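Trainee: After the structure tokens below, expect a handful of questions from me.
The values are calculated or read from the model by the stated rules, or taken from the named source; none is laboratory data. Because the structure is a prediction, the values reported are computed rather than measured. Cβ placement follows ideal geometry from the backbone for every residue including glycine, while neighbour counts extend to all protein chains displayed. Please note that ligands, DNA and RNA were not included when accessible areas were found on the heavy atoms of the full protein model with its side chains. Shrake-Rupley method; radii C 1.70, N 1.55, O 1.52, S 1.80 Å.
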Amino acid sequence: MSQPLIELRAITKTYGQGQAAFQALRGVDLQIEAGEFVAVMGPSGSGKSTVMNLLGCLDTPGSGEYLFQGIHVEQLDRNQRALLRRQCLGFVFQGFNLLARTSAQENVELPLLYRGEPAEVRHAAALAALAKVGLAEWAHHTPAELSGGQQQRVAIARAIVTNPLVLLADEPTGNLDSQRSHEIMELLVRLNQEQGITVLMVTHEPDMARYARRIVHFVDGLVHRDERNPEAAPCC
Amino acid sequence: MLLNALLLALREIRRNLLRSFLTVLGIVIGVAAVITMVTLGNGATRMVADQIASLGSNLLMVMPGQRLGPGRDSAGAPKFKIADIEAIEQQVNGLKAVAPVVGSAVTLVAGTQNWSSTVSGTTNDYFVVGNWRLAAGRLFSEDEDRAGKAVCIIGNTVKKELFGNQSPLGSSIRVKTFDCEVIGLLAAKGQGGMGQDQDDTVLMPLRTAQRRLTGTLDIGNVMVSLKDGTNSTVAMAQLRSLLRERRKLADNVDDNFNVMDTKQIAETLSGTIGTMTALLGAVAAVSLLVGGIGIMNIMLVSVTERTREIGIRLAIGALEHEVLLQFLIEAVALSAFGGLVGIALAFVACLGLSALMRMPFLFNPGINLTAFFFSAAIGVIFGFVPARRAARLDPIEALRHE
Ligand SMILES: Nc1ncnc2c1ncn2[C@@H]1O[C@H](COP(=O)(O)OP(=O)(O)O)[C@@H](O)[C@H]1O
Ligand SMILES: [Mg+2]
């Protein structure tokens with residue numbers, strides 16, 4: 001078998017310095033194959049967000065190796081990481097993080113704008129992405145005019161509008177009620193199955209983790225357990 | 001890519017119209033205030049300078065009285081007589097003309113119109129001394145001077161008030177108890193250095209004024225103009241010692257008359273206006289600074305929101321310099337726009353105000369440029385610097401910013 005899409009080798013991450021230093025990750029090893037749907041679980045403070053931020057190239061590890069398609073990400077500089085983010089990754093946050101006073105369509109177009117796509121391409125792609133998350137009718141509404149579930153779907157549309165290899169979602173359902181949460185999960189499953197996007201998702205709700213085919217448990221900055229989930233829908 | 005950043009910046013301005021408007025307002029007001037103050041000050045200075053130039057050669061003013069200033073005592077001091085004038089003409093060197101003046105405030109009546117003005121009884125030398133030209137008519141004849149005939153030469157304001165657009169020549173004006181024939185019209189001079197209307201005047205022969213208005217042979221004051229190249233200090237000293245001698249003042253007694261150099265007075269005045277301009281300019285500069293602080297406030301208030309926004313942009317793949325370029329363009333566009341509006345506003349204000357104050361409007365490119373670049377600098381510093389700090393943060397930290 002060829003190399004995995006993502007490979008973490010003995011990754012550590014320390015916050016703060018001296019007395020206040022806190023080791024959030026203490027040597028994480030993890031391999032993720034293309035097309036997987038992985039849920040990351042674990043108690044609060046166990047380092048889930050930290051590892052997601054590292055995978056999303058939003059942060060850099062203290063030590064260890066991070067290989068993305070064989071590229072040593074830990075050796076990339078700030079701009080190269082931004083370019084990798086731009087080309088291959090989509091990120092969804094617990095807090096949605098949409099631009100205020102900006103229509104859903106413009107929010108979704110933003111990553112394409114930074115890629116320098118012409119206006120027609122941007123409009124078409126943004127509308128297509130919004131249609132995929134079921135918000136074609138809501139393209140001209142601003143976040144303030146959308147419900148939490150709708151905002152998170154706009155955020156997902158923004159993450160997938162660039163056709164990323166990997167979608168990283170840090171507690172995407174953390175701010176939503178259970179019905180909206182299930183809708184979001186079904187959307188993620190669909191993206192994973194129909195588009196072949198690799199999905200990595202943090203959650204502490206077992207109900208949501210059940211949608212994933214693999215569940216990785218974090219405890220105290222280490223991978224504690226890595227299991228298959230037989231209940232999940234099979235791949236493709 | 002530049003186009004992209006421009007697009008992003010303009011979108012951001014449009015999206016935050018209120019914030020953009022407030023930001024621009026501070027700059028507009030600051031820039032307009034500074035330019036208006038300085039331009040009006042320049043106009044006032046130029047106006048006084050023109051008037052100094054119109055005074056021609058140095059003009060000395062001799063008045064009876066102890067000293068200048070508040071509470072000066074002119075009542076007890078002896079007045080000048082015609083003999084004093086003759087003595088000055090003969091004994092002081094380097095004089096061009098010496099004009100005695102007897103002034104009196106009167107009401108003038110012509111037909112159904114009346115007007116309050118000042119009559120000055122004087123000689124033809126007055127025209128030389130005061131740099132007056134005639135717009136129409138003639139000067140006093142020797143005969144009229146000697147006999148004290150009822151003739152007068154009127155200023156442009158008096159003519160307008162009494163005769164409107166008609167020619168006043170040959171008409172007569174009632175001055176107190178007698179009728180006076182108008183033989184000449186002075187060319188208009190406009191406002192004087194202290195804002196008085198120089199054209200609101202009536203001139204008649206000295207004798208006429210003495211006999212029919214004041215009823216004495218006293219002379220109110222004497223105006224002396226110097227030939228070009230005459231040292232005014234020397235002339236003033238000669239004049240002073242001559243008058244002390246004629247008034248038989250002992251060495252230990254103060255002068256009971258005053259000799260003033262009007263050019264000096266005017267120059268002092270213009271210096272004062274210059275100081276005022278500087279002062280007003282400084283006040284306006286403070287307002288520009290306050291405008292700048294207003295901008296800073298607005299920018300700082302929005303920096304939390306903007307830091308998160310920058311975090312979002314970085315997280316979805318914006319490069320640091322792309323975010324910076326967007327913010328730079330936004331800041332420059334806003335402050336440049338504000339600066340231009342301020343300049344336009346100042347232009348209109350200066351045009352209106354200088355017309356209102358009858359001052360020349362001197363467009364000053366220097367102050368316009370300075371104010372413009374200063375405002376642009378304020379916008380860039382207060383808008384861009386916080387954004388640069390945010391763009392250098394890790395995306396995660398920027399997103400966490402509360
Ligand atoms: N920026 C930071 N500075 C200091 N400590 C941090 C920072 N971010 C996270 N931590 C600490 O690192 C640990 C792991 O955090 P995190 O990865 O957010 O946990 P999780 O997402 O699993 O709840 C926590 O104890 C948290 O307090
Ligand atoms: Mg977390």
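Trainee: What are the residues in segment A:91-116 that are acidic (Asp, Glu) and either open to solvent by less than 10 Å² (accessible area, probe 1.4 Å) or farther than 21 Å from residue B:319 by Cα (or both), if any?
Mentor: So in segment A:91-116, the residues acidic (Asp, Glu) come out as A:106, A:109.
Once the filter is applied, which keeps residues that are acidic (Asp, Glu) and either open to solvent by less than 10 Å² (accessible area, probe 1.4 Å) or farther than 21 Å from residue B:319 by Cα (or both), segment A:91-116 yields only A:109.
Trainee: State yes or no: is residue B:236 touching a Leu at 6+ places or on another chain (Cβ under 8 Å), in a strand (DSSP E or B) and under 21 Å from residue B:101 (Cβ atoms)?
Mentor: Considered against the rule, which asks whether it is touching a Leu at 6+ places or on another chain (Cβ under 8 Å), in a strand (DSSP E or B) and under 21 Å from residue B:101 (Cβ atoms), residue B:236 comes out as no.
Trainee: Another question, if that's okay. Against the conditions (1) within 14 Å of chain A (Cβ to nearest Cβ); (2) closer than 19 Å to residue B:7 by Cα; (3) touching a residue at least 12 places away in the same chain (Cβ under 8 Å), where does residue B:309 fall short? Just the number, please.
Mentor: Single failed check for residue B:309: (3).
Trainee: Are there any helices (runs of 4 or more DSSP H) wholly within segment A:133-220 with 3 or more residues that are not aliphatic (A, V, I, L, M), and if so which?
Mentor: Numbers: elements: A:148-160, A:178-195, A:206-209.
Of the helices (runs of 4 or more DSSP H) lying wholly inside segment A:133-220, those with at least 3 residues that are not aliphatic (A, V, I, L, M) span A:148-160, A:178-195.
Trainee: Could you pull out the residue among A:125, A:155, A:169, A:159 that is buried (at least 18 other Cβ atoms within 10 Å of the Cβ) and within 16 Å of ligand 1 (Cβ to nearest atom)?
Mentor: A:169
Trainee: Would you confirm, using the coordinates I've provided, whether residue A:82 is away from ligand 1 (no atom under 16 Å from the Cβ) and touching a strand residue (DSSP E or B) at 6+ places or on another chain (Cβ under 8 Å)?
Mentor: Values: away from ligand 1 (no atom under 16 Å from the Cβ): yes; touching a strand residue (DSSP E or B) at 6+ places or on another chain (Cβ under 8 Å): no.
No; evaluated as a whole, the condition is false for this residue.
Trainee: Out of A:119, A:131, I need the residue that is more than 12 Å from every other protein chain (Cβ to nearest Cβ), hydrophobic (A, V, I, L, M, F, W, C) and open to solvent by 20 Å² or more (accessible area, probe 1.4 Å). Which one?
Mentor: Details: A:119 fails: more than 12 Å from every other protein chain (Cβ to nearest Cβ).
Every option except A:131 fails the conditions.
Trainee: Filter segment B:372-402 down to the residues that are at pLDDT 85 or above, more than 14 Å from chain A (Cβ to nearest Cβ) and open to solvent by less than 80 Å² (accessible area, probe 1.4 Å) and list them by number.
Mentor: B:372
Trainee: With under 25 Å from residue A:186 (Cα atoms) and either within 12 Å of another protein chain (Cβ to nearest Cβ) or touching a Leu at 6+ places or on another chain (Cβ under 9 Å) (or both) as the only criterion, which of A:163, A:79, A:97 stands out?
Mentor: Result: A:97 is the single residue among A:163, A:79, A:97 that is under 25 Å from residue A:186 (Cα atoms) and either within 12 Å of another protein chain (Cβ to nearest Cβ) or touching a Leu at 6+ places or on another chain (Cβ under 9 Å) (or both).
Trainee: Within segment A:216-233, how many residues are open to solvent by 100 Å² or more (accessible area, probe 1.4 Å) and modelled with pLDDT under 80?
Mentor: Qualifying residue count for the region: 1.
Trainee: Could you please find all residues in segment A:1-27 being within 16 Å of ligand 1 (Cβ to nearest atom), farther than 15 Å from residue A:45 by Cα and in contact (Cβ under 8 Å) with a residue 60 or more places away in the chain?
Mentor: Scanning segment A:1-27 gives a single hit, A:27.
Trainee: Moving on to the next point. Under 7 Å between Cβ atoms, which residue pairs at least 6 apart in sequence (or on different chains) link something in segment A:32-52 that is on the phi < 0 side of the Ramachandran plot and small (Gly, Ala, Ser) with a partner that is within 16 Å of ligand 1 (Cβ to nearest atom) and not in a loop (DSSP other than H, G, I, E, B)?
Mentor: Short answer, once both residue conditions are applied: A:39/A:201; A:39/A:209; A:39/A:215; A:46/A:218; A:46/A:219; A:49/A:170; A:49/A:202.
Trainee: Within 14 Å of another protein chain (Cβ to nearest Cβ), more than 16 Å from ligand 2 (Cβ to nearest atom) and closer than 27 Å to residue B:320 by Cα: does that describe residue A:16? Outline the logic, then answer.
Mentor: Numbers: within 14 Å of another protein chain (Cβ to nearest Cβ): yes; more than 16 Å from ligand 2 (Cβ to nearest atom): yes; closer than 27 Å to residue B:320 by Cα: yes.
Yes: the conditions hold for residue A:16.
Trainee: What pairs come up if the first residue lies in segment B:124-147 and is assigned to a helix (DSSP H, G or I), the second is open to solvent by 30 Å² or more (accessible area, probe 1.4 Å) and of a type in the set (A, V, I, L, M), and their beta carbons are under 7 Å apart, counting only those six or more places apart or on different chains?
Mentor: Filtered contacts from segment B:124-147: B:127/B:139.
Trainee: Restricting attention to segment A:179-212, report how many residues are more than 16 Å from ligand 1 (Cβ to nearest atom), in contact with an Asp or Glu (Cβ under 7 Å, 6 or more places away or on another chain) and of a type outside the set (Ser, Thr, Tyr).
Mentor: 1
Trainee: Out of (1) open to solvent by 30 Å² or more (accessible area, probe 1.4 Å); (2) within 15 Å of ligand 1 (Cβ to nearest atom), the odd one out for residue A:39 is which?
Mentor: Result: residue A:39 fails condition (1) only.
Trainee: Moving to a separate point now. Identify all residues within segment B:1-25 that are away from every other protein chain (no Cβ under 14 Å) and open to solvent by 20 Å² or more (accessible area, probe 1.4 Å); write none if there are none. So that I can check it myself, show each step before the final result.
Mentor: Here is the first cut: in segment B:1-25, the ones away from every other protein chain (no Cβ under 14 Å) are B:21-25.
If the condition is that a residue be away from every other protein chain (no Cβ under 14 Å) and open to solvent by 20 Å² or more (accessible area, probe 1.4 Å), then B:21, B:22, B:25 are the ones that fit.
Trainee: Sticking with this one: Tell me the residue from A:60, A:50 that is within 13 Å of chain B (Cβ to nearest Cβ), within 16 Å of ligand 1 (Cβ to nearest atom) and in contact with a Lys or Arg (Cβ under 7 Å, 6 or more places away or on another chain), please.
Mentor: Only one candidate qualifies: A:50.
Trainee: Provide a single number: the residues in segment B:300-350 that are more than 47 Å from the chain's Cα centre (by Cα) and either of a type in the set (D, E, K, R) or not assigned by TED's automatic domain parsing to the domain that holds residue B:29 (or both).
Mentor: Selection size over segment B:300-350: 7.
Trainee: From the list A:171, A:186, A:205, pick out the single residue that is away from ligand 2 (no atom under 16 Å from the Cβ) and either within 14 Å of chain B (Cβ to nearest Cβ) or out of contact with any Pro (no Cβ under 7 Å at 6 or more places or on another chain) (or both). First the steps, then the outcome.
Mentor: Working: A:171 fails: away from ligand 2 (no atom under 16 Å from the Cβ); A:205 fails: away from ligand 2 (no atom under 16 Å from the Cβ).
None of the other options fit; the residue is A:186.
Trainee: Of the conditions (1) more than 11 Å from chain B (Cβ to nearest Cβ); (2) away from ligand 2 (no atom under 16 Å from the Cβ), residue A:158 fails just one. Which one is it?
Mentor: It is condition (1) that residue A:158 fails.
Trainee: Evaluate segment B:300-315: report whether one residue or more is open to solvent by less than 20 Å² (accessible area, probe 1.4 Å), farther than 17 Å from residue B:30 by Cα and among the polar types (S, T, N, Q).
Mentor: yes
Trainee: Need the failing condition index for residue A:75 against (1) within 16 Å of ligand 1 (Cβ to nearest atom); (2) open to solvent by 20 Å² or more (accessible area, probe 1.4 Å), just the number.
Mentor: Among (1) within 16 Å of ligand 1 (Cβ to nearest atom); (2) open to solvent by 20 Å² or more (accessible area, probe 1.4 Å), residue A:75 violates only (1).
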